[in-house]
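Chemist: This is the structure I have questions about; it appears just below.
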């Protein structure tokens, strides 16, 4: 169902979280249109494909109304403390993992963004260690609401795990593609958010494929 959802959502990049590891082989084989990344997760079995360590998303100039395309580089990190000993993966320290691959991405990207399945303390460490990071978007394994804040040069935003609260960051760019204004906010998925007709239709199609016995 996740694979089907990824192919139906306009999602460019997804961080491989610790709870997704049990279906990683299926995700890798399916090759969804969403690029799945992890900068610090490594399979123990060398025959298992590794997730890409980063992603580079290029946004056309005409979409942004500026003079040139903008390239955004994404890292993805998981909390090593949540990786179980019996897992097929190991997790390196996020700060060290980003330092290892950052040179491969920094020269290509206009901005660097981190997607994280980590607690706040890890995000703060990453932001302080890597001043090139513009934003850190994360989900924490706790029902805790944090206000957006700036650490070093990064804006930190949170989404509540399995909740309705999503961190959002809007950027205003000048004609040269440089950030002039940061607008961090929180989106609450309540009744005021309209349904997307195409996604709602696909949701019903997927639900119709699930046997009735599976819902009881």
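The values are calculated or read from the model by the stated rules, or taken from the named source; none is laboratory data. All values reported here derive from a predicted model rather than from experimental measurement. Ideal geometry is used to build each Cβ from the backbone, glycine not excepted, and the neighbour counts take in all protein chains shown.
Chemist: Got a number for residues in the range 97-118 being in a loop (DSSP other than H, G, I, E, B) and free of Cβ contacts under 8 Å to residues at least 40 places away in the same chain?
Modeler: Selection size over the range 97-118: 1.
Chemist: Can you tell me how many residues within the range 119-140 are loosely packed, with under 15 Cβ neighbours inside 10 Å and in a loop (DSSP other than H, G, I, E, B)?
Modeler: Total satisfying the criteria: 1.
Chemist: Among (1) modelled with pLDDT of 90 or more; (2) surrounded by 15 or more Cβ atoms within 10 Å (Cβ to Cβ); (3) in contact with a helix residue (DSSP H, G or I) (Cβ under 9 Å, 6 or more places away or on another chain); (4) more than 20 Å from residue 173 (Cβ to Cβ), where does residue 49 come up short?
Modeler: (2)
Chemist: With respect to residue 82, is the statement that it is in contact with a helix residue (DSSP H, G or I) (Cβ under 7 Å, 6 or more places away or on another chain), more than 30 Å from residue 209 (Cβ to Cβ) and surrounded by 14 or more Cβ atoms within 10 Å (Cβ to Cβ) true?
Modeler: So residue 82 passes the test.
Chemist: Taking the range 34-60, which residues are touching a residue at least 60 places away in the same chain (Cβ under 8 Å) and either in a strand (DSSP E or B) or more than 30 Å from residue 86 (Cα to Cα) (or both)?
Modeler: Within the range 34-60, just 37 meets the criteria.
Chemist: May I pose another question? Among (1) more than 24 Å from residue 176 (Cβ to Cβ); (2) modelled with pLDDT under 90, which single condition is residue 64 missing?
Modeler: Looking at each condition in turn, residue 64 falls short on (1).
Chemist: Collect the residues in the range 7-30 that are closer than 22 Å to residue 198 by Cβ and out of contact with any strand residue (DSSP E or B) (no Cβ under 8 Å at 6 or more places or on another chain), keeping them in residue-number order.
Modeler: Those that are closer than 22 Å to residue 198 by Cβ and out of contact with any strand residue (DSSP E or B) (no Cβ under 8 Å at 6 or more places or on another chain): 7, 8, 9, 10, 11, 30.
Chemist: Consider the range 13-33. How many of its residues are within 21 Å of residue 138 (Cβ to Cβ), part of a loop (DSSP other than H, G, I, E, B) and at pLDDT below 90?
Modeler: Total meeting the criteria: 1.
Chemist: A follow-up question, please. Any chance the range 87-96 includes a residue that's surrounded by 17 or more Cβ atoms within 10 Å (Cβ to Cβ), closer than 30 Å to residue 176 by Cβ, in contact (Cβ under 8 Å) with a residue 40 or more places away in the chain and in contact with a helix residue (DSSP H, G or I) (Cβ under 9 Å, 6 or more places away or on another chain)?
Modeler: No, the range 87-96 contains no residue that is surrounded by 17 or more Cβ atoms within 10 Å (Cβ to Cβ), closer than 30 Å to residue 176 by Cβ, in contact (Cβ under 8 Å) with a residue 40 or more places away in the chain and in contact with a helix residue (DSSP H, G or I) (Cβ under 9 Å, 6 or more places away or on another chain).
Chemist: Among the residues of the range 141-177, count how many are surrounded by 13 or more Cβ atoms within 10 Å (Cβ to Cβ), over 20 Å from the mean Cα position of the chain (by Cα) and free of Cβ contacts under 8 Å to residues at least 40 places away in the same chain.
Modeler: Matching residues across the range 141-177 total 1.
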